[in-house]
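Structure first, commentary second.
The values are calculated or read from the model by the stated rules, or taken from the named source; none is laboratory data. Small disclaimer: the values here were computed from a predicted structure and weren't measured. Quick reminder, even Gly has a Cβ in these numbers, built from the backbone with ideal geometry, and neighbours come from all protein chains shown.
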Amino acid sequence: MFEQEFKNKIVEIRGQKIGLGESKLIKIPVDRLPTGTLIEIPVYIFNGDELGPTVLLQGGLHGDEVNSVELVRRLLIDKTYKIHRGCVIVVPLLNVFGFLSLSRNMHGKDVNRSFPGSKNGSLASRMAYYLMKELVKNVDFAIDFHTGGAQRNNFPQIRYTPEDNRGFELAKLFNAPLFFGSKLIPKSFRNQCYKNNIPVIVYEGGESLRLDENAIQQGIDGTLRILRYFKMIHKDVKIHQNSTSIQLYKRKWIRAKVAGLFNPKVKNGANVKKGEILGHIMDTYGETNFAVKAPTDGYIISKNNFPVVNMGDALFHFGKT
């Protein structure tokens, strides 16, 4: 895998060159607040002493996905993860504006639906453009860190592009509890990288606007497994052991058939049997109690944590092996 000429002999970002054995923090200016305050994106580059893969670790593409920001931050500050081979480019928080407003989007637009972007477009479009132009051109593959949205908690999982064999191999190396192929979304970061022959795996864990310690640790451990496989970090770096990663082949959302108060009964990530009660939906007066049942054997990929639901709302993301 990745038997090619590596790109990290000299990494160039915003006109600054980082050679072998060098590290640098580069702040990329993106825009100003209406007050005139300059907003910059910090990009950390750690170039090892030896040639090897260049990896992009990216958090906060959606501004409210703080769990992804914290995950990448912890990887960044832990000095035991020193890079000896290859290069790691770290972006703890890409969508600064969304983060400041506790919003998924940037000025009303989703950056992850704005690729390849334009240097003269909206702020989201310009962000996408410069991400591809300045950073992605340097990398051999990327890990994009996300969480569930709209108060849905994603059990730790890796998503890869089914048509990309290298992405599939990276997903197996990451060894998250669950992994599966996921269709490319038009104008997404992963889609644009695929067009440029750059594998991207997406780590999903936790939910927006909350920290989830298990999801953070699973994401750190999976990332370190990949870095260790490519001999980018020392072989003695401590990594928590996981059981075998479970590959899912079919997925569907279990939706509310009635409105009411939703009370889930199963844990996220649970292996459930056909007909098992997953939760109840009750009206506010105690007159009805609707049981939500598993349609078949499978795993809970994601769980809705919001107690008030309407008919058709997503309750559980369900996967089959």
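Of the residues making up region 168-180, not a single one is touching a residue at least 24 places away in the same chain (Cβ under 8 Å), more than 25 Å from HIS240 (Cβ to Cβ) and surrounded by fewer than 20 Cβ atoms within 10 Å (Cβ to Cβ). Regarding GLN218, is this residue at pLDDT 95 or above, within 20 Å of the chain's Cα centre (by Cα), closer than 26 Å to ASP140 by Cβ and not in a helix (DSSP H, G or I)? Answer is no for this residue. One residue stands out among those in region 126-166 that are out of contact with any helix residue (DSSP H, G or I) (no Cβ under 8 Å at 6 or more places or on another chain) and of a type in the set (Gly, Ala, Ser): the one that is nearest to LYS320 (Cα to Cα), which is GLY148. Within region 71-105, being modelled with pLDDT of 90 or more, among the β-branched types (Val, Ile, Thr) and surrounded by fewer than 16 Cβ atoms within 10 Å (Cβ to Cβ) holds for one residue alone: ILE77. With respect to LYS231, determine if the residue is surrounded by 13 or more Cβ atoms within 10 Å (Cβ to Cβ), at pLDDT 95 or above and part of a strand (DSSP E or B). Spelling it out, it is not the case that LYS231 is surrounded by 13 or more Cβ atoms within 10 Å (Cβ to Cβ), at pLDDT 95 or above and part of a strand (DSSP E or B). Of all the listed residues (THR284, THR223), the sole one being polar (S, T, N, Q), in contact with a Leu (Cβ under 9 Å, 6 or more places away or on another chain) and surrounded by 15 or more Cβ atoms within 10 Å (Cβ to Cβ) is THR223.
Counted as qualifying within region 65-175 are the helices (runs of 4 or more DSSP H) with 3 or more residues that are within 15 Å of the chain's Cα centre (by Cα), namely 66-77, 165-174. Only residues that are acidic (Asp, Glu) and at pLDDT below 90 were counted in region 18-48, giving 2. Of all the residues in region 224-264, those that are small (Gly, Ala, Ser) and either farther than 30 Å from LYS274 by Cβ or under 22 Å from the mean Cα position of the chain (by Cα) (or both) number 2. If I ask for residues that are among the hydrophobic types (A, V, I, L, M, F, W, C) and out of contact with any Lys or Arg (no Cβ under 7 Å at 6 or more places or on another chain), which ones from region 112-138 would you list? Matches in region 112-138: LEU123, MET127, ALA128, LEU131, MET132, LEU135, VAL136. Total residues in region 238-268 satisfying the condition of being surrounded by 15 or more Cβ atoms within 10 Å (Cβ to Cβ) and touching a helix residue (DSSP H, G or I) at 6+ places or on another chain (Cβ under 9 Å): the figure is 4.
Of all residues in region 85-112, those that are without any contact (Cβ under 8 Å) to a residue 12 or more places away in the chain have Cβ atoms under 9 Å from Cβ atoms of residues that are part of a loop (DSSP other than H, G, I, E, B), 6 or more apart or on another chain, in GLY108/SER122.
Only one of the listed residues (ILE198, ILE226) is within 16 Å of VAL139 (Cβ to Cβ) and in contact with a helix residue (DSSP H, G or I) (Cβ under 6 Å, 6 or more places away or on another chain). That residue is ILE226. Scanning region 30-47 for residues that are in contact with a strand residue (DSSP E or B) (Cβ under 8 Å, 6 or more places away or on another chain) and farther than 30 Å from GLY206 by Cβ returns ARG32, LEU38, ASN47.
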